[in-house]
Structures are given as structure tokens and as C-alpha cells.
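Only one structure is covered here, and it is reproduced in the block below.
The values are calculated or read from the model by the stated rules, or taken from the named source; none is laboratory data. These figures come from a predicted structure and were not determined experimentally. Reconstructed Cβ throughout: ideal geometry from the backbone, glycine too, with neighbour counts over all protein chains shown. Remember, those area values only see protein heavy atoms, side chains included, never the ligands or the DNA or RNA. Shrake-Rupley method; radii C 1.70, N 1.55, O 1.52, S 1.80 Å.
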Amino acid sequence: MDDIYRQQIMDHYQHPRHQGELQNPTRREHDSNPLCGDSIYLDLNIDDEGTVQDCRFHGEGCSISQAAADMLCHVSRGKSISDLAAFDKDDMLKLLGIPLGPVRLKCGLLAYKILKVALVKHAMGTDGVEPHDGLKPPSQ
Amino acid sequence: MSRADFPIFNAHPELIYLDSAATTQKPQAVVDALSSFYSKSYATVHRGVYPMGERATELYEGARAYVAEFLGAKSADEVVFLRNATEALNLVAEAWGRPNLGPKDRIVTTIMEHHSNFLPWQRLARQTGAELVVLPVTGNGQLDMEAARRELQAGASVLAVTMVSNVLGTVNPIACLAAMAHAQGAVVVVDGAQAVAHRPVNVTQMEADFFVFSGHKAYAPTGIGVLWGRSELLAQMEPFLVGGEMVNSVSLKKTTFLDPPHRFEAGTPAVAEAIALKGALEYIKNIGFDSILGQEAALLELLLTGLGQIPGVSILGPEGHLREGLVSFLMDGVHPHDISGFLGEKGIAVRAGFHCAQPLHEALGIPATVRASIGIYNTEDDVRTFLRGLEDARALFTGERQWTTSTASR
């Protein structure tokens, strides 16, 4: 049943592999679900060939938002921007593997949304890291 | 037991519904009132001079008279049918507040208001230049009465206050606040959304000037709410919405409006819902507030005691004081959404989030919370199952236990 997916989500939530900040990210993007208190920063290092060399997230929120961010970082590392452009919402939901209602959908897709915005801004050559879109910088 | 009166539990026998502060389930009597009106006597009101139209008008105006009696109002003409408490509060802010307030006025409200009793005043303050004063709560989750005395004495034109906090469960001393406010000539606006289904309300005794509530939180349908206002105030007010139903005569040059309450009911009203609201209030009255207060207090006690025994749980709201049957809480290391999602899959409905009271959460320095709230249909078993589910959620999300089908299902 869903158990294997749920265990996987709990595992990513409790033991995230890609949580943290990058030293000098080429891009840092943030978004939140103000109504649930989910808040995620996504750091990306994209090289000149357009490959995501490294990807990390930090923030707070429910198990689904945090696990989704960790899983998405895992998928993104080593991928080219064009590969990631083809990675769509359905792919993200497949990765999570459990049915999500309309409310939890926002949690499950928060990191995905941030990645997509980051990639668009990268493609447009928008300035990368500062000033955090006017939002408060990450703690630490 | 009253659980049997609610058809939702026939459709979902296992459902444990602990979200009545958001909206209540509907008793068969209310479903029947809606269905019977639509299938046997439906027509619009105040217009058709044919038997069915006259009957519909009698039923609609009869519902108004019943609401007036339920609230202890002096006259049915003081009861305006609207969509909900939100619309009623917007009406008061717009139709009474906007023409009467200016830069020298002070609007006093509290940090524990639902957004619906905060945003209309915040906007009104911006529009009129009036000062918005927000009273704090004490460490024990009660309204800071010292601050209330001080701020009201400094001058106030409006006091907008909730009777019961939808997050803290705090029951405010409305009569005392109203007396202080009236000493300054302020108009007292009371949000009764969390109160009417749970404790007796008497607008005359509490000396409010306006009192509002939503039907859907009191076992009535959605789409029907009530504004009660003192007749002298309602009489001075211009309409909020203009259109059909609320006019005396209309010409190209001049239009005259009906007297209250119909002046404030533009358009075809929610006739069926108003009639069913009467059914809901009759249902409450038949059970009786003595019995409701007793039952809800016993369940609240069980809930508070049980929550207090779960490690890492911190409870919001007054301790050892009068409070309503709703409890918001936090659990260390477990996000509120995970709790409500987990419980939801076990058929236990609780709310997670800011409960439309974001300024309060900010003032308390807490993120979203989980809220369990009691209704007339809840049982001790409901509370015990909820508490067991919460223990499971804690064990699972803190990593004490692994997810298996047995943890996930009841």
C-alpha cells in the first residue's frame, strides 16, 4: 500500500540528506505557505554548462513539505537545467507517492514551485542570491 | 444521545468530529426543515400575493422573531438576516462606522479577534483616519482587563470584541467591558460566532449595541447569519447593499428605503436557510443550555487532562478559568499539519493552522496550532480516541515508532 511511500517520507523528514545551506550558491530562492507556516529556502549551484552541481534546502514546515524538498534536492543534483525543465508537477507527485488533498498539495509542491521559479530566474539571468526577495534571511 | 440526531454519523459511523468551532454538523431537524421548505412550501418572501408566497413570508419572519427571542432582543425588527458573521461585521463597520468615525476617534479591539472582527476595523481605521487600538491578552490567555480599562478610559468610539476566543477558548466578560465602553460613549460590537451554540446569550443583559453570529457554527445551514442591532442605531444607518427587496419606492431622481431590518436585506434573502436556522436554534433550546454546558464542560475537562499527560504538548488559553470547549495546542517537534493529517486519516477531524487569528499567533510568538473543539454530538469515547491518536502521532513523527499499517489505521 502507501506504507513504503510513507516510510520514505518519514525517513526524508527525520533524516534529511540535503538539508543545509550552500556556501556560495549561484541562486537562493524562498517561498512559504503562510497559512500553514511552511517556509523553504532552496540553494542551487548551477555551473556554466547549466548543470546543477549541488542543491540544498533549509526551512521549516510539516513532514511533507520538508521531505518533498529533500527528495527534490536529491533528484536535482547532477541534472541539467533542461532535464529539470521537463520534470513536472506529476513527476513531483509521483516521487512523493501518496495521495494528497488540496491542502497538503501546497505542502507537497512548495519546494517544486521554488525550484521552478529559480530555474526561470536563472534562464532570465535575474540576479541570483541577494536580496532574498525582501524576505528575512535564513537563521544561523 | 444527540449523536443519533446527526445524519452525518449514519453516513460515517466512525467519524470523530472535533472541528465544531470551524463549523458544526447538522441535525436531522435542520436537514428536514430545508428539505421540507423546498419540497412543500418554497416561494420567495415579501412579494408574491399568493398563498405560497404568503406562507414563505410567515415562515421567514417567524424565524426572525424566534432569533430575536433566542437572543433576548426587544424586537424582531432588530434582527437582520445576512450571510454570516463576517458579512454582519462588515456591515456594521461600513454602514455605522464609516459615516460616524473620523481622525479623532479610537477603535478599540483585541488581539484575540477572528480576522472577521479585525479586518473590517483595520480597514475602517485606514479609511477614516481613526486610531486602531488592539488590547493584549495576559500570560494566561485572558483579555488584559487593566489595559482594557486604561484604553477605554483614554476615549473610545467603538469596542469590537469577541464573546469567546476561537483559539484560546477564553470567555470574555462582555457586560463589564460594555459598561466601561459605554461610560465613554462607545458603541459595543460583540462577535458571538463561537458563543451562541454553547452558552446562553442575552444581548439586552450584556448591553451590547451590535451582536453577530453565523448560523453554520450553531447547527444551522451555511449562508445564513445574524446581525442584531439596537433599533436606534439601525434606524440611523444607511443601507449596506442596495437593490431589490429593500426599497419603499424607486424613481430616477429619488429612492426611499424600507425601515430596518429589511433595509439591510437587499436581494432575495436566504429564505430556506433562515427557516432552518430557526430549526437549529429550537434544537439547541430543546436540549437546553444546562445540559449543553454540563456535557461540554465534562468533555473539556477530559480533553485538558488527557492533553496535559502527553509529553511535549503545550496548551493555549486560560488555565483554571472559565473557557469554552475548544483547545488549541502545540506538540514539540511535530508540525500541526502532520498531526491533523495523521488524525484525519484515522477519521478524526481537527483543525490545524492559524484559525483565522494570525495576529494572535504572532503576538504569542507561535506558529500554527492544532485545535480540537467540542460540539453537542461529541462523546467521551471521541475524546479518548482523539487522545490515543495524538499519542500515535507523537510516537511516529518524533521517530519513536515506524510507520506501519497498524499505526495508520484505527
On protein heavy atoms with a 1.4 Å probe, the accessible surface that disappears when A meets B, both sides summed and given to 100 Å², is 1400 Å²
Residues of chain B: accessible area per residue with a 1.4 Å probe, Å² = 40 Å²
Give a quick list of trypsin sites (Lys or Arg not before Pro) in region B:182-265 that DSSP marks as loop, anything other than H, G, I, E or B, with at most 16 other Cβ atoms within 10 Å.
-> B:Lys253, B:Lys254
Wrap a convex hull around the Cα atoms of region B:25-151, take a quarter of its surface area, and give that in square nanometres.
-> 11.6 nm²
Residues of region A:23-60 that bury at least 10 Å² of accessible area, probe 1.4 Å, when all protein chains are present rather than the chain alone, are A:Pro34, A:Leu35, A:Cys36, A:Gly37
Treat every Asp and Glu Cβ in region B:29-285 as -1 and every Lys and Arg Cβ as +1, leave all other atoms uncharged, and give the resulting dipole magnitude about the Cα centre to the nearest 20 debye.
-> 280 debye
Whether region B:29-285 is rounded, prolate or oblate, judged on the alpha carbon gyration tensor where a/c under 1.5 counts as rounded = oblate
Tilt, helix B:336-345 to longest principal axis of chain B (alpha-carbon atoms), in degrees rounded to tens, equals 80 degrees
State which entries of B:Lys74/B:Lys254; A:Lys106/B:Lys217; B:Lys26/B:Lys74; A:Lys79/A:Lys121 exceed 21 angstrom in Cα-Cα distance in the structure shown.
-> B:Lys74/B:Lys254; A:Lys106/B:Lys217; B:Lys26/B:Lys74
Note, B:Asp19: beta-carbon cut-off 11 Å, +1 each Lys/Arg, -1 each Asp/Glu, net +3
Distance between region B:63-106 and region B:372-386 - C-alpha centres, whole angstrom = 33 Å
Given the options B:Ala76, B:Ala208, B:Ala183, which has the most mean-square fluctuation in a GNM of chain B, springs set between C-alpha atoms less than 10 angstrom apart?
-> B:Ala183
Calculated [θ] (222 nm, deg cm²/dmol) that DSSP helices of n ≥ 4 give over chain B, each run adding -39,500 (n - 2.57) | -11000 deg cm²/dmol
Relative to the longest principal axis of the C-alpha atoms of chain A, give the angle of the C-alpha long axis of helix A:63-76, reported between 0 and 90° and rounded to the nearest 10°.
-> 50 degrees
In nm, to one decimal, how far is the modelled label at B:Asn10 from the one at B:Ile287, with both set 7 Å along Cα→Cβ?
-> 1.8 nm
Residue by residue through region B:50-58, which ³J(HN,Hα) values in whole Hz follow from phi under the Karplus form 6.51 cos²θ - 1.76 cosθ + 1.60 (θ = phi - 60°), with glycine and proline marked x?
-> 9, x, 5, x, 5, 5, 4, 4, 4
Between A:Asp48 and A:Ile4, what is the spin-label point distance in nm, taking each point 7 Å from the Cα along the Cα→C-beta axis?
-> 4.4 nm
In the protein assembly as shown, taking the dipole from +1 charges on Lys and Arg beta carbons and -1 charges on Asp and Glu beta carbons about the Cα centre, the listed residue (B:Phe210, A:Gly50, B:Ala95) farthest towards the positive end is B:Ala95
Carbon/sulfur fraction of accessible area - region B:29-285, other protein chains in place, 1.4 Å, % = 52 percent
Gaussian network model of chain B, springs between alpha carbon atoms under 10 Å - residue of B:Gly333, B:Gly317, B:Gly306 with greatest fluctuation | B:Gly333
